[in-house]
Amino acid sequence: MPKTPLGDWPPEALTLVRSGTVEGFLAYMLMVHQTDNPELYGGAAAASEHHREMAEALCGEGNVCIIMPRGAAKTTYLQGWIEWMLGLASLTKDKEWPTRIRFLYVSGSENQATKVSLAIKDTIEGKTLRVPYGVIFSGVKPKKDEWAATQWKVAGNTTKDPTFQACGLFGGALGSRVTYLIFDDPVTDEAKTS
């Protein structure tokens, strides 16, 4: 039997991922993301109990604050959630979706924020070792002339504001209009050592 773009995943997995539910988000993480622990679940991003708690918080209503120890995959789950939310927006009947969803990602340093931006871009471009993003969310494409390291747009975004902007805690995001404001490890290197 020939391999499909979904690999060993059944077609029903796409329906689940696109459902907009906590289970859909967790299935997305499992299908697309790898971990740095290949000895666990073959390196797949299978959810532990604390990952499920993060997913429930991220997929819930209102403001969210996630406090967990170092190594709990908070940044990985935030990255995956941003990718997933972009994908879900692309599935709506709203043809203007690219102009309506915008993320501002703030970290303790611009360097760390840029790493997350580049990781999300790599996922959108299909540079993963698991199921390519475009197989799941084919409507999300880079706007090539506005696809920089710290800020970028998806195709169809005609506003002045980027789809995604990454900056350090004291970086320049004045005047940016955002749908989602995300603080991830908003501690500077100086504060860590004091």
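The values are calculated or read from the model by the stated rules, or taken from the named source; none is laboratory data. Here the structure is a predicted model, which means the values were calculated and not measured. Here the Cβ positions follow ideal geometry from the backbone for every residue, glycine too, while neighbour counts run over all protein chains shown. In case anyone asks, the SASA skips ligands and DNA or RNA and just uses the protein heavy atoms, side chains included. Shrake-Rupley method; radii C 1.70, N 1.55, O 1.52, S 1.80 Å.
The table that follows gives values for the structure above.
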quantity: Carbon/sulfur fraction of accessible area - the chain, other protein chains in place, 1.4 Å, %; calculated: 55
quantity: Rounded FRET efficiency, nearest 0.05, which uses the C-beta distance separating residue 6 from residue 176 and R0 of 41 Å; calculated: 0.70
quantity: 1.4 Å probe accessible area per residue over the range 20-160, in Å²; calculated: 50
quantity: Calculated [θ] (222 nm, deg cm²/dmol) that DSSP helices of n ≥ 4 give over the chain, each run adding -39,500 (n - 2.57); calculated: -10500 deg cm²/dmol
quantity: Whole-Å semi-axes of the ellipsoid equivalent to the range 73-149 (Cα gyration tensor, √5λ, descending); calculated: 20, 15, 13
quantity: Global size of the range 95-194 as Cα Rg and Dmax, reported in angstrom; calculated: 14.4, 49
quantity: Accessible-area ranking of 49, 125, largest first, probe 1.4 Å; calculated: 49, 125
quantity: Whole-number percent relative contact order across the chain, with pairs defined as alpha carbons under 8 Å at least 6 apart; calculated: 23
quantity: Kirkwood hydrodynamic radius of the range 126-165, from inverse mean 1/r over distinct Cα pairs, in Å; calculated: 11.0
quantity: Antiparallel bridge percentage (DSSP; both residues within the chain; nearest 5); calculated: 40
